[in-house]
Amino acid sequence: MEATSPIRTMRSHSDVQPSPWVLRWASQIRPGGCVLDVAAGGGRHARLLARMGFEVDAVDRDRTLFVDPPPRVRLLEADIEGGAWPYEGRLFDGIVVANYLHRPLLPLLVGSLEPGGMLIYETFAHGNERFGKPSNPAFLLAPGELLDAVAGKLRVVAYEDLTVTEPRPAAVQRIAARRE
């Protein structure tokens, strides 16, 4: 049975190694800007972004997953699915999301970008059920769903809907999009 909250199934590799998608597009965020890492988990992306010189806000429902955050990272434990959005009124130069989906947050994330801000998002898509978990449609993006989430609000820089083999086989959607 799958949990009713986000699923992080690629722990052994993905909690250590940043996503190649995030690595590819993080340099497009305004240098020295403030970046939000949503569902930060063990902090693989927050650490990367801090090393790149960004000020990072990392949020997760379980702060114990993120051991020893570096100085440029502010770690917040918050239930972003059941509680109030802890960043109300804040705008970010970049927002990074990986292996997490809570659809009601999509408009909030899009609306939380500064002009010129980048959304870098990657998570599981329909078709992933043939590879294992997550397999519940509630945690799988429908075809084109990320494109629909940013339509008319952000300029899509890159988009992929594909099957990957690393760190394990999975069906994913990825988007890099900028607020004009």
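The values are calculated or read from the model by the stated rules, or taken from the named source; none is laboratory data. Remember, it's a predicted structure, so these values are computed and weren't measured experimentally. Note that each Cβ is placed from the backbone with ideal geometry, even for glycine, and that neighbours are counted across all protein chains shown.
Numbers for the structure displayed
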quantity	calculated
When residues of region 34-79 are limited to those that are of a type in the set (Lys, Arg) and under 15 Å from the mean Cα position of the chain (by Cα), the one surrounded by the fewest Cβ atoms within 10 Å (Cβ to Cβ)	ARG61
For GLY89: the one exception among (1) touching a strand residue (DSSP E or B) at 6+ places or on another chain (Cβ under 7 Å); (2) outside any strand (DSSP E or B); (3) not charged (D, E, K, R)	(1)
Breaking point among (1) under 17 Å from TRP25 (Cα atoms); (2) modelled with pLDDT under 95, for ALA138	(1)
Scope region 128-180; condition in a strand (DSSP E or B), in contact (Cβ under 8 Å) with a residue 60 or more places away in the chain and more than 19 Å from ILE95 (Cβ to Cβ); matching residues	ALA170
Which numbered condition ALA26 misses (of (1) over 26 Å from GLY144 (Cα atoms); (2) outside any loop (DSSP other than H, G, I, E, B))	(1)
Residues satisfying the stated conditions in region 73-86, i.e. touching a strand residue (DSSP E or B) at 6+ places or on another chain (Cβ under 6 Å) and without any contact (Cβ under 8 Å) to a residue 24 or more places away in the chain	ARG74, LEU76, ALA78
Tally of residues being outside any helix (DSSP H, G or I), in contact (Cβ under 8 Å) with a residue 24 or more places away in the chain and surrounded by fewer than 21 Cβ atoms within 10 Å (Cβ to Cβ) across region 104-127	5
